Structure formats: structure tokens, C-alpha cells
Amino acid sequence: MNRFSSYILIVFSLLVAQKADAQTGNDTILLLNGTEIISMVYDTTFGNITYKNPKADQDPITIETSDVFSIRNSKGESIKYVCDSAGENDLTVEEMRYYIKGEQDAQKGFKPRGAFWTNMGIGLLSGATGSFLCPIPPFAFTALSGLTKVKIKHSTVSNLECLKHDTYIMGYEHIARGKRKTKSLLGGGIGLVGGIGASIILISTGNGIIHQ
């Protein structure tokens with residue numbers, strides 16, 4: 001084999017290796033809501049980001065760049081977030097990074113069990129009255145649960161130094177309040193159905209006794 005043939009073979013081998021590496025490599029797309037998507041990014045132009053669908057037989061997924069903070073891979077991190085003090089994105093890149101970290105910690109560690117069980121009790125008692133107004137108390141509690149102060153447990157914080165940053169706390173509270181309202185609504189709904197069911201059974205039983 002002459003030198004030219006050897007050179008062509010080497011170049012071809014490198015191209016094949018690079019293509020294979022690109023097909024098996026993954027990018028991490030970090031959304032502004034704290035969600036991380038691990039996939040292969042195909043395109044980042046025209047205000048959109050297109051990445052490989054986890055379902056092999058489905059078309060690629062396209063999201064708006066404005067919903068993305070950054071894309072990370074073996075080459076580093078590409079920041080997509082743009083600070084706009086006159087618009088909604090009024091946080092700096094570092095402030096937004098802490099905000100997202102707060103969101104992620106709250107998603108992983110915040111457990112609004114109190115809101116769930118409390119509203120289940122409220123729904124149960126309210127539903128047991130059999131009144132047409134019985135849904136009001138549990139729904140009112142759900143609305144209030146999104147307004148009360150969030151207590152951040154240190155055990156749910158990945159790095160206690162983050163607590164020194166206001167935007168971290170803002171991100172944590174944003175997700176925590178959302179989770180609290182969702183769990184509260186779920187608990188209130190379950191309790192309400194159970195209370196109404198109990199009321200119907202009691203009324204039916206009472207009527208049965210009267211007619212005997």
C-alpha cells in the first residue's frame with residue numbers, strides 16, 4: 001500500500017470515528033424551569049432548538065430557545081439565556097443559574113405532605129355536610145396554600161451556600177408553592193369525594209331506618 005492510499009485510509013477512519021462519536025454522544029439541555037433533557041441536539045438556529053426524540057420512530061423535537069438556559073456537552077456549556085432588563089428575563093446569567101438551582105432542589109426535595117393531608121381532612125369534613133357549598137373550603141385552602149411562606153429545609157438544599165442568594169430562594173419557593181397547591185388540590189379532592197360518599201351512605205342508611 002502506497003503512502004497516498006494509507007493517507008486516504010487514515011482520513012476515512014477518522015471521519016467514521018467522528019461520526020460514530022457524534023451519534024453516540026449526548027447533549028444536556030437545561031430549561032429555565034430546571035428540567036434537564038439529555039439527548040442529541042441537531043440544530044440551534046432560527047430561535048429554536050431541535051433534538052433527537054427519545055422514541056426512535058418519532059420525529060425530532062423542537063423547542064424555543066427562549067425556554068432554554070444552556071446546552072452542555074463534552075466541549076463545554078453554551079449559554080442560550082439572554083438577560084433583558086426591560087422584559088421578563090430581568091435576571092443576570094448567574095442570578096438565573098441560582099434560580100434554576102433552587103427550582104431543581106425544590107423539585108427533588110420539597111414534599112408538601114402537610115398541605116395534602118390537611119386539605120384531605122378539610123375536604124372530608126366539608127363533603128360530609130352534603131351541602132352544595134362543600135367544595136368551597138378545600139378549594140379556598142388550595143388557593144391559600146400557594147401564598148403562605150415556604151420553609152426551606154437544609155436537608156433539601158444541595159449546597160447551603162446557595163441560600164445566600166435571593167434568586168435561589170425565589171426559584172425554590174416558585175416550585176415549592178406550585179407543588180404545594182397541586183398536592184393540596186389532590187388531597188382536597190380525595191377528601192371531598194370521600195366526604196360526599198360518606199354523606200350519601202349516611203343519608204341512605206337513615207332513610208332506610210325511617211321506612212322500616
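Only the coordinates and a few stated rules stand behind these numbers; no lab work does. Keep in mind it's a predicted model, so treat the numbers as computed, not measured. No Cβ is skipped: glycine too gets one built from the backbone with ideal geometry, and neighbour counts run over all protein chains shown.
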Fill in the blank from the handout: Looking across the stretch 111-129 at residues that are within 28 Å of residue 174 (Cα to Cα) and among the aliphatic types (A, V, I, L, M), the single one that is farthest from the chain's Cα centre (by Cα) is 122
Practice task
Go through the stretch 65-117 and give me each residue that's crowded, with 20+ Cβ neighbours inside 10 Å and touching a His at 6+ places or on another chain (Cβ under 9 Å).
Solution key: 98, 99, 101, 102, 103, 106
Completion exercise
Restricting attention to the stretch 141-157, the residues that are within 17 Å of the chain's Cα centre (by Cα) and of a type in the set (S, T, N, Q) number exactly 1
Exercise for the section: Assess whether residue 198 counts as being assigned to a helix (DSSP H, G or I) and within 30 Å of residue 90 (Cα to Cα). Expected result: no
Handout entry: Verdict on residue 62 being farther than 22 Å from residue 173 by Cα and among the polar types (S, T, N, Q)
Key = yes
Practice task
Looking at (1) touching a residue at least 24 places away in the same chain (Cβ under 8 Å); (2) farther than 25 Å from residue 92 by Cβ; (3) outside any helix (DSSP H, G or I), find the lone condition where residue 132 falls short.
Solution key: (1)
